[in-house]
Amino acid sequence: MNGQPNVPNVHETATDNNGKPKEYSALYALQLRAFVDAAEDVDVDPDTIEDLLEGLEDGDGEEEVQESDLDEDLDSDSLTLPAHEQHSAIEESGNLDDLEVETEVIERLKQEADEAWSKEDIRKMMHHLKERGMSSFVREYVITQNIPIVKLLFAFGISLCPELRNKQPQTMLYFLRVAMSKVLHLREKLPQYNTVADAVSLIQASKRVVVLTGAGISVSCGIPDFRSHNGLYATLKEQGTYDLDDPQQMFDIHYFRENPAVFYSFASQIYPSNFIPSPCHRFIKAIEDRGKLLRNYTQNIDTLETLTGITRVLQCHGSFATATCIQCRRRIPGTDIEKDIMERRVPFCTVCMQAKREAEEIRQAAFKKKAKKRGRKEWEEGSDEEDEAIPVGVMKPDITFFGEKLADDFENALEDDRNKVDLLIVIGTSLKVSPVSEILSHLPHSVPQILINKTPVRHINPDIVLLGNADDIVQHLCEQLSWELPPPVKKRLEAPVLARPAKRTSGEMMGKTEPIRVAKSHVWLFEGAEGGKWVRDIEEKFSEENSASNSRAMQGRVTNEGPEAKKSRSG
């Protein structure tokens, strides 16, 4: 296809077989930028990126087109525009005088998309994806039915431009995964579940509950969270003791290898021996005790779930339970380095240190023997240099740092659980860390979801949202369920022995008789809720809908009134 040199999105940095500059259409630039941006959210290998950008680099070594050269006004949302809407986006970003050829191409793409699938076909395909997941969708439509990915993308509202249709198979599959990911992240709320009573009924009726937990369930134990305004990252940034580009570097594996002291200066604050499990931990144990827990996926590394006695737990990001030498890969119980952690000291591998000492003894003996023959102390010279050549490994807790892959147990468990789960409860997490944050999009959309958190999680759409202090919320639910929470587990720091208090209502514990419902929505506020503008927007939305409904009702009554009633009301 011939491009137009006056269109801002056309690049001339590569050459064709005749040595003439290639020109890229505005539609190509639009879609290319969208797929490149999507790599931030959808895993992609370097070979796929290389194939995606192939042709944007001159074979003679001339200037390469950088990602930033693509129109910065375009974003990944442009990807899912149908062909005719992509046309509008191009009109806004390109030169309108040169869009005649673009219009012809886009109209042809739109016609092709319209003829590819019926509405019923698309409905069935989307239902399959939402209920059975990406892997099943690919097996059914790509492998079994052998449908070209270009045609499958039409069902997602994506009409690939000609330049992107001849990419490698793995790149085409990446295009499909991007499209599927966008659909899975747009879960629709189940309208039949809205109240606290509904949440109680769901927990009572469920048999295979998945509980996804984060740092919020351990805050009341005294363990700081990471991302709040006074969390671990904020503290690290405020102190400014270490030269970090980002406080999260303390959990970056590459930074740890260079400077493990940063991690160990804070590790004692999150080490489990100092803490007693919270009511949230005990709530999960209560679910398991009643045979309802399918699995507890926890992002926490404090091992308090295990301390509580929960057996069906998967510590997605690892834990302090064991530690491994980064040099010789020897694994030891985490308690072996507990003293170092509590004293904020970097623990070194004892085996590596012993090997170093033995090597040093052998080296010094050799130098002494040599020096004795020559009558001088050459063994003392060069000692420091030789000493540095013998590495000693640092012991790293088996926590999954940024830059490390999660264990295969995570993906295997998720694949196994997705066809069994009948209720998802999310407690105390902002769901900002991938891939654990993707659990919600991988589970069937028909599975009810309950969110228990201090603040809203804006990028998900659960069926019931309970905002406030998580401990208060689960205790309220237990009261409604007539459940007794298991007693707190004692470890090292003994829990004080107190007389058993008289049973109190949730209202007495929280300072209010009942949680507050936000308008007639699915959102409920408990003590400690931090809803802010998000809650106000919901209230305003329902207020507007209520006003519109009352207005329509009034109009209907006026329409149905007889002449005498209208005359009487006007008089």
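The values are calculated or read from the model by the stated rules, or taken from the named source; none is laboratory data. Model, not experiment: these values are computed from the prediction. So basically every Cβ, Gly included, is an ideal-geometry build from the backbone, and we count neighbours across all protein chains shown. To get the accessible areas, we keep the full protein, side chains included, count just its heavy atoms, and leave off ligands, DNA and RNA. Shrake-Rupley method; radii C 1.70, N 1.55, O 1.52, S 1.80 Å.
Taking every residue in the stretch 180-203 that is within 11 Å of HIS522 (Cα to Cα) and pairing it with any residue that is outside any helix (DSSP H, G or I) and charged (D, E, K, R), at least 6 positions away or on another chain, the pairs with Cβ-Cβ distances below 7 Å are LYS189/ASP463; LEU190/ASP463; TYR193/ASP463. Count of the stretch 40-76 residues, restricted to those that are at pLDDT 85 or above and either of a type in the set (Gly, Ala, Ser) or within 20 Å of the chain's Cα centre (by Cα) (or both), is 2. Within the stretch 255-275, the set of residues being touching a helix residue (DSSP H, G or I) at 6+ places or on another chain (Cβ under 6 Å) and open to solvent by 30 Å² or more (accessible area, probe 1.4 Å) comprises TYR255 only. Applying a threshold of 8 Å to beta carbon distances and a minimum spacing of six or more residues, or different chains, the list of pairs starting in the stretch 285-296 at a residue that is closer than 18 Å to PRO487 by Cα and ending at one that is of a type in the set (Val, Ile, Thr) and open to solvent by 40 Å² or more (accessible area, probe 1.4 Å) reads GLU288/THR311.
All of (1) closer than 27 Å to LEU431 by Cβ; (2) surrounded by fewer than 22 Cβ atoms within 10 Å (Cβ to Cβ); (3) modelled with pLDDT of 90 or more; (4) among the hydrophobic types (A, V, I, L, M, F, W, C) hold for LEU307 with one exception: (3).
Tell me, please, whether a residue that is under 25 Å from the mean Cα position of the chain (by Cα), part of a loop (DSSP other than H, G, I, E, B), at negative phi and buried (at least 17 other Cβ atoms within 10 Å of the Cβ) can be found in the stretch 145-155.
Residues of the stretch 145-155 under 25 Å from the mean Cα position of the chain (by Cα): 153.
Okay, now just the ones that are also part of a loop (DSSP other than H, G, I, E, B), so none.
No, the stretch 145-155 contains no residue that is under 25 Å from the mean Cα position of the chain (by Cα), part of a loop (DSSP other than H, G, I, E, B), at negative phi and buried (at least 17 other Cβ atoms within 10 Å of the Cβ).
Residue pairs whose Cβ atoms lie under 7 Å apart, separated by 6 or more positions or on different chains, with the first residue in the stretch 356-375 and under 22 Å from GLY393 (Cβ atoms) and assigned to a helix (DSSP H, G or I) and the second at pLDDT below 80 and open to solvent by 70 Å² or more (accessible area, probe 1.4 Å), are ARG363/GLU386.
Here LEU184 qualifies as at pLDDT 90 or above, under 19 Å from the mean Cα position of the chain (by Cα) and open to solvent by less than 10 Å² (accessible area, probe 1.4 Å). Filtered by the rule that a residue be in contact with a strand residue (DSSP E or B) (Cβ under 8 Å, 6 or more places away or on another chain) and at pLDDT 85 or above, the stretch 392-413 gives GLY393, VAL394, MET395, LYS396, PRO397, ASP398, ILE399, THR400, PHE401, ASP409, PHE410, ALA413.
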